1. If a residue has to be in a helix (DSSP H, G or I) and open to solvent by 20 Å² or more (accessible area, probe 1.4 Å) to count, how many in segment 62-90 make the cut?
2. Could you please let me know if residue 137 is within 30 Å of residue 86 (Cα to Cα) and at pLDDT below 85?
3. Consider residue 172 carefully, then state whether it is farther than 22 Å from residue 57 by Cβ and in contact (Cβ under 8 Å) with a residue 12 or more places away in the chain.
4. Could you please find all residues in segment 161-177 being farther than 19 Å from residue 108 by Cβ and open to solvent by 60 Å² or more (accessible area, probe 1.4 Å)?
5. If you scan segment 91-126, which residues turn out to be open to solvent by 10 Å² or more (accessible area, probe 1.4 Å), in a helix (DSSP H, G or I) and either touching a His at 6+ places or on another chain (Cβ under 6 Å) or of a type in the set (A, V, I, L, M) (or both)?
6. Any residue in segment 128-142 that is without any contact (Cβ under 8 Å) to a residue 60 or more places away in the chain, within 17 Å of the chain's Cα centre (by Cα) and buried (at least 21 other Cβ atoms within 10 Å of the Cβ)?
Amino acid sequence: FRLGRGGIAELLAAAEHDWGLVEPAIFGGLLEQALDPEERARLGAHYTPRAYVERLVIETVIVPLREDWRAVVGAAQQARDAGQPRQALALVETFHDRLCGTRVLDPSCGTGNFLHVAQDLMKRLEGEVLETAAELGAAERLGGFGARGVGPWQFHGLDANPRAVRIADLMLWIGYLQWHL
């Protein structure tokens, strides 16, 4: 793939814009439009809107994690109320470790909308966990940038189209960086 003078000029112009608030999922739509109609039909490639993906991610990934989190919050409150703040913090940190060790696999990932939404919602849950840990006296942020935390390394995708998988990986990293910037 070679980029001509015109393509380079377009890339330079695009690089001058602030892309910080761009929803990474647009890359799926762009790939879908770039596919030959026959290849698109063969691969079953189509963009799924976030609202549809979110419903599936919430039921399969987030609901079980939130149920566990509610139980941890209750146990941590009991420990704190019983004068055991270290035990309360340990419960929250253990949940954080589990959250950061949870892996998500999409065996037909396309350009990664399911994975991106799963990461986004798990990062939101991680934010609640980190706030609770701070309230319990955590010495440092558990999931800061570059530290252990929810991130792209937990989300895995397979697809018949290797370009889609590379876009999914890129989308996860863009979403991750947006969280930290």
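The values are calculated or read from the model by the stated rules, or taken from the named source; none is laboratory data. Just so you know, these numbers come straight off a predicted model, no measurement behind them. Every residue, glycine among them, receives a Cβ derived from its backbone with ideal geometry; neighbour counts consider all protein chains shown. Only protein heavy atoms, including side chains, enter the accessible area calculation; ligands, DNA and RNA are left aside. Shrake-Rupley method; radii C 1.70, N 1.55, O 1.52, S 1.80 Å.
1. We begin by selecting, within segment 62-90, every residue in a helix (DSSP H, G or I); these are 62-81, 85-90.
Remaining after also requiring open to solvent by 20 Å² or more (accessible area, probe 1.4 Å): 63-64, 66-68, 70-75, 77-78, 80-81, 85-87, 89-90.
Summing the residues that are in a helix (DSSP H, G or I) and open to solvent by 20 Å² or more (accessible area, probe 1.4 Å) in segment 62-90 gives 20.
2. Values: within 30 Å of residue 86 (Cα to Cα): yes; at pLDDT below 85: no.
When the stated conditions are applied, residue 137 does not pass them.
3. Considered against the rule, which asks whether it is farther than 22 Å from residue 57 by Cβ and in contact (Cβ under 8 Å) with a residue 12 or more places away in the chain, residue 172 comes out as no.
4. Going through segment 161-177, the residues farther than 19 Å from residue 108 by Cβ turn out to be 173-177.
173, 177 - these are the residues of segment 161-177 that are farther than 19 Å from residue 108 by Cβ and open to solvent by 60 Å² or more (accessible area, probe 1.4 Å).
5. Across segment 91-126, the qualifying residues are 91, 121.
6. no
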